[in-house]
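Written out below as structure tokens is the structure these notes cover.
All of the numbers you see were taken from the coordinates with simple rules; none came from a lab. Nothing here was measured: the structure is a model prediction, and the numbers come from that model. Cβ sites come from the backbone with ideal geometry, for glycine too, and all protein chains shown count toward neighbours.
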Amino acid sequence: MISLGCVKNLIDSEVMIGHLAEAGMRLTPDPELADVLIVNTCSFIDRAKQESIDAVFGAVRARREDPDRTRQKIIVAGCLAQRFATQLPGIMPEVDAFIGLDQITKITPIIEHLLGKRNDAEVAKTEGPSATDDPRDFVTLKPQYVPDSMTPRFRLTPDHYAYVKIAEGCNHTCSFCIIPKIRGRHRSRTQESVVREVEALVKSGVKEINLISQDTTYFGMDRWQGERPKPGSQVDSSKGESLGTLLSAINRIEGDFWVRLLYTHPAHWSDELIHTLAACDKVVKYVDIPLQHISDRMLKAMKRDTRADDIRDLLRRMRAGIPGLGLRTTFIVGFPGETEDDFDELLEFIREFRFERAGVFQYSREEGTRAYQMGGQLHHMTRKSRWSRAMAELQRIAGETNQAQVGKQVRVLVEQAGIARTPWDAPEIDGSVMVDASLPVGAFATITIGDWRGYDLVAEQ
């Protein structure tokens, strides 16, 4: 299994491996020994798409050049297969099967079919009709799948932390983003299903639960009866399950663990959710809230369902209502039509709100999105220059933020020998703390910050 892209894709890989393990198939770290090689692809931006294409053609080339691998089957799964379902069979004739997001739980019969252990009629009965007439294509064009607590899963993360996907798909139509076209409309799991999964993970020794989806703050609202909350409106959980009710339920689970929120859209935050996060002691005071821009012109062009004044007001309410909050966000620079004034407004916003964790992306022009057809596409050197200037501002603030941590006592989760993470540091995307190498991996520890280096902190020894 070659798993590319985000952690949401990683969970799809874990689900596939879980089903294969349940069927008695074994995973091997050596691609040359595998009967089947699965590439779970990403297709969010050009760079991710190219990485996926390179991985697929690399597997095809390796099979062609190794006489012992001629019988190996290659499967392309994930977002690339879903996004280009009708084109890939013709572009990649060497690939033995393409599977979409609805087929990850059906990976076993598909492999059995490829290996000659199941006939076409049986696969058709199991999988439903193909999206095309190509017998290699198992992709259905409108994904409906969402995992639950009973879904077989083989975790690929370290023992002490796990990701829990609480919903799939997205109802927002951001003009730069292809994800809703790939993963479909938002569909939440039930709160009971999520809580059962978290309970099982905590009982197995997991210390950190990372809640993820394309739009985490919309959890549960898609199943509300009657009118659903509009972007920017206050959310009333009495109408049904919500992220607030989910956090409260998870907070009641017994055990020593913490919970982290990732991918929260600003349009569905409410005072109720702010109060809930502040009151739940097991929920770390860290919020991942991608904002993308602050200029009203850009927010409107990006179709972000938010306005600059609303964003500023929300952030102030979050700072006031959640003591010790660490905010992580991302911005896009170089979007079509972005002027120097728009960019200067973004820089001033960054200086004002001083996000504890933040990143910047250069706009990526993605075929199939609204922004792809927009006029005013900026030169790549303009995009690069603005990215460099924004990153320089964020790096300066990060240094000042880290300096302010010196002398403070912090509870950390030990990631590996000599390396830990604070509540403000999500796995793989944020910084870390250099700690005493004798601290047990996968356990919590309380340390004092003594110094910092770049984005990372150093504990007193």
By the gyration tensor of its Cα atoms, with a ≥ b ≥ c the square roots of the eigenvalues, what is the shape of the stretch 161-400: rounded for a/c under 1.5, prolate for a/b over b/c, or oblate?
prolate
Calculated from DSSP H runs of 4 or more alone, at -39500 (n - 2.57) each and per residue, what is the 222 nm mean residue ellipticity of the chain, nearest 500?
-10500 deg cm²/dmol
Out of residues 5 or more away from Trp452 or on other chains, whose amide H comes under 5 Å of its own, with H placed 1.01 Å from N in the peptide plane?
Val458
In degrees, nearest ten, helix 308-321 long axis to first principal axis of the chain (Cα)
70
One would report the antiparallel percent of DSSP beta bridges in the chain, rounded to the nearest 5, as 30
Between the alpha carbon centres of the stretch 1-72 and the stretch 392-461 the gap in Å comes to 34
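What percent does the relative contact order of the chain come to when contacts are Cα pairs within less than 8 Å and at least six residues apart? Numbers along the way, then the final one.
Working: 862 pairs, mean separation 45.2, N = 461.
Once normalised by length, the contact order is 10 percent.
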Could you line up Trp424, Trp387, Trp269 from fewest to most neighbouring Cβ atoms inside 10 Å?
Trp387, Trp424, Trp269
Hey, what do the phi angles of the stretch 205-219 turn into as Karplus ³J(HN,Hα) couplings, whole Hz, using 6.51/-1.76/1.60 and θ = phi - 60°, x for Gly and Pro?
x, 5, 9, 9, 10, 9, 7, 9, 5, 5, 9, 5, 5, 8, 3
What pairs in Lys49/Lys142; Lys106/Lys207; Lys142/Lys239; Lys8/Lys106; Lys49/Lys117; Lys117/Lys181 have C-alpha atoms more than 22 Å from each other?
Lys106/Lys207; Lys142/Lys239; Lys49/Lys117; Lys117/Lys181
Cα→Cβ-extended label distance, 7 Å offset, between Ala443 and Ser388, nm:
4.7
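For the stretch 414-461, what's the relative contact order in percent, using C-alpha pairs closer than 8 Å and at least 6 residues apart?
Values: 83 pairs, mean separation 17.2, N = 48.
So the answer I get is 36 percent.
Given axes a ≥ b ≥ c from the Cα gyration tensor, I'd like to know whether the stretch 180-312 is rounded (a/c under 1.5), prolate (a/b larger than b/c) or oblate.
Working: a/c = 1.84, a/b = 1.64, b/c = 1.12.
The shape class here is prolate.
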Once amide hydrogens are built 1.01 Å from N within the peptide plane, the residues lying 5 or more places from Cys280 or on another chain with amide H under 5 Å from its amide H are none
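Tell me the Kirkwood radius of the chain: reciprocal of the mean inverse pair distance over distinct alpha-carbon atoms, in Å.
Values: mean 1/r = 0.0424 Å⁻¹.
So the Kirkwood estimate lands at 23.6 Å.
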Taking R0 as 22 Å and r as the Cβ-Cβ distance between Arg61 and Met25, the FRET efficiency 1/(1 + (r/R0)^6), rounded to the nearest 0.05, comes to 0.35
Using only the Cα atoms of the stretch 409-459, what semi-axes does the equivalent ellipsoid have when each is the square root of 5 times a gyration tensor eigenvalue? Give whole Å, largest first.
14, 12, 10
For a quick check: with amide H placed at 1.01 Å from N, whose amide H comes under 5 Å from Ala77's, ignoring anything fewer than 5 positions away on the same chain?
Val39, Asn40, Thr41, Ile99
Apply the Karplus parameterisation 6.51 cos²θ - 1.76 cosθ + 1.60, with θ equal to phi minus 60°, to every residue of the stretch 365-382 and state each ³J(HN,Hα) to the nearest whole Hz, in sequence, with x for glycine and proline.
7, 9, 4, x, 9, 4, 5, 4, 8, 5, x, x, 4, 8, 4, 4, 6, 5
Can you compute 3J(HN,Hα) from phi for each residue in the stretch 400-407, using the Karplus curve 6.51 cos²θ - 1.76 cosθ + 1.60 with θ = phi - 60°, rounded to whole Hz and x for Gly and Pro?
5, 5, 5, 4, 5, 7, 4, x
